[in-house]
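A short worksheet on the structure shown next.
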Amino acid sequence: MTINTGAPVVVGVDGSAAALDAVRVAAREAAYRQRPLRVVHAFVWALTGVPLAPAPGAPAGAGLRNQAQRYVTEAVAGAAKVAPDVEVTGAVIDGAATPVLVTESQEAVLLVLGHRGLGGFAGLLIGSVTVQVSARAACPVLVVRGEARADGPVVVGVDGSALSTEAVGFAFEEAARRGVPLVAVHAWLYPSPAGPGEILPLVYDLDAYGAEEERTLAESVAGFAERYPEVPVRHRLVRGTPARVLVEESQRAQLVVVGAAGAGALGGLLLGSVSHAVLHHAHCPLAIVRHPRRPARS
Ligand SMILES: Nc1ncnc2c1ncn2[C@@H]1O[C@H](COP(=O)(O)OP(=O)(O)OP(=O)(O)O)[C@@H](O)[C@H]1O
Ligand SMILES: [Mg+2]
């Protein structure tokens, strides 16, 4: 049976090996979710006014537009091999990569990107398109990077904010689908004021604050744990820098999930500092969850 209903999983391709890795992951995600897969290449040359068709006398398949089409055709074929039951379509869309992909995210259930592309320079940890789109997408973004430990858990970063609760929901769905445990990590260094204007005492009882942090973690997870009783959950309360702790956890995980911004984000900041750091340094694929989503199960 071919899966062809509902909002698609979308994957961006640019002819790079990293994007083809993303296509394989996207095909599996589409199969899990029983969604179609849409492969998109943003064709920036259309904006430049350079000749796009083959030069006079050149072979019929030459020219920039044909090349763009080949990126998509190759990716569609790669996806079909991984997930034969998923309907896979491809599109070359004229425009710059970031706006094209952000527009695609408005109709997608998930947007999958490689961590690098054709551009960049040796040693670049993450490409600019992936950074920009992760900060602006209207749906969750899955950035394919590093190695997904097949036997590893899904790890989610929790800070008690509304977006981290979204991330927890996404992480439970993924853990349930993959049949693996979930590790909910809350890292804290110093007590944080509960709201604007609250002033912490000069001397405080760390244990009392630790208990408060444990409560934050437990409350963020509790409702979802009831909804997904089949997912074994481990709480990890760690005194440490959140980004460092999550990057460390990513060495043993198959997926790390974070909210796009957290409780400490400045107004208007599109990607919080923890998400930004994990995006650059995670050792396994990373999902960034931004918007309020309808849960798969309620
Ligand atoms: N033109 C494009 N169309 C569709 N998806 C793209 C396009 N360019 C990049 N992507 C997606 O974004 C991912 C990362 O590419 P990105 O362009 O961010 O990295 P880069 O080319 O290494 O660096 P930079 O472009 O910043 O110099 C790719 O693997 C692909 O999934
Ligand atoms: Mg690029």
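Structure notes:
- MRE, 222 nm, helices only [DSSP H, n ≥ 4, -39500 (n - 2.57), over the chain, to nearest 500]: -12000 deg cm²/dmol
- Using the 1.4 Å probe convention, the accessible area of the chain works out to 48 Å² per residue with neighbouring protein chains retained.
- On the beta carbon distance between V50 and A162, with R0 = 45 Å, the FRET formula returns roughly 0.50.
- DSSP beta bridges in segment 9-144 [antiparallel fraction, %, rounded to 5]: 0 percent
- Each part gets one Cα centre, and for segment 60-89 versus segment 130-173 those centres are 27 Å apart.
- Highest-fluctuation residue, P242, P229, P140 considered, GNM on the chain with Cα pairs under 10 Å: P229
- Helix 206-227 vs. the chain, principal-axis angle (Cα, 0 to 90°, nearest 10): 50 degrees
- Contour excess over end-to-end distance, with Cα ends at A222 and R244 and 0.36 nm allotted per residue: 5.4 nm
- Percent accessible area from carbon and sulfur atoms, the chain, protein chains only, probe 1.4 Å: 57 percent
- Residue-wise HN-Hα coupling along segment 131-139, computed from phi with Karplus coefficients 6.51, -1.76, 1.60 (Hz; x: Gly, Pro): 4, 5, 5, 4, 7, 10, 4, 8, 10
- Relative contact order computed over the chain (Cα-Cα under 8 Å; 6+ residues apart), in percent: 19 percent
- Dimensions in Å of the chain - Rg and Dmax from alpha carbons: 20.7, 80
- Extension gain, F121 back to R236 (0.36 nm per residue minus Cα-Cα distance, nm): 37.7 nm
- Rounded to the nearest whole Hz, the Karplus-based 3J(HN,Hα) values (6.51 cos²θ - 1.76 cosθ + 1.60, θ = phi - 60°) of segment 29-45 follow the sequence 4, 5, 5, 3, 8, 6, 10, x, 10, 10, 9, 10, 10, 7, 9, 6, 5, with x at glycine and proline.
- Taking amide H positions as modeled 1.01 Å from N, with prolines and chain starts lacking one, the residues under 5 Å from I93 and 5 or more places away or on another chain are H41, A42, F43.
- Summarising the strand pairing of the chain, around 10 percent of its internal DSSP beta bridges are antiparallel.
- 3J(HN,Hα) from dihedral phi, segment 93-107, Karplus parametrisation 6.51/-1.76/1.60, rounded to Hz, x for glycine, proline: 10, 5, x, 7, 4, 4, x, 5, 6, 5, 4, 4, 5, 5, 10
- The label-point distance for S128 and E214, in a model that sets each label 7 Å from Cα toward Cβ, rounds to 4.8 nm.
- Calculated FRET efficiency for the pair T73/R177, C-beta based, R₀ 30 Å, to 0.05: 0.55
The values are calculated or read from the model by the stated rules, or taken from the named source; none is laboratory data. Given the structure is predicted, the values throughout are model-derived calculations rather than measurements. Note: ideal-geometry Cβ built from the backbone for every residue, glycine included; neighbour counts use all protein chains shown. The protein model used for the area step is the full one, side chains on, heavy atoms only, and it has no ligands, DNA or RNA in it. Shrake-Rupley method; radii C 1.70, N 1.55, O 1.52, S 1.80 Å.
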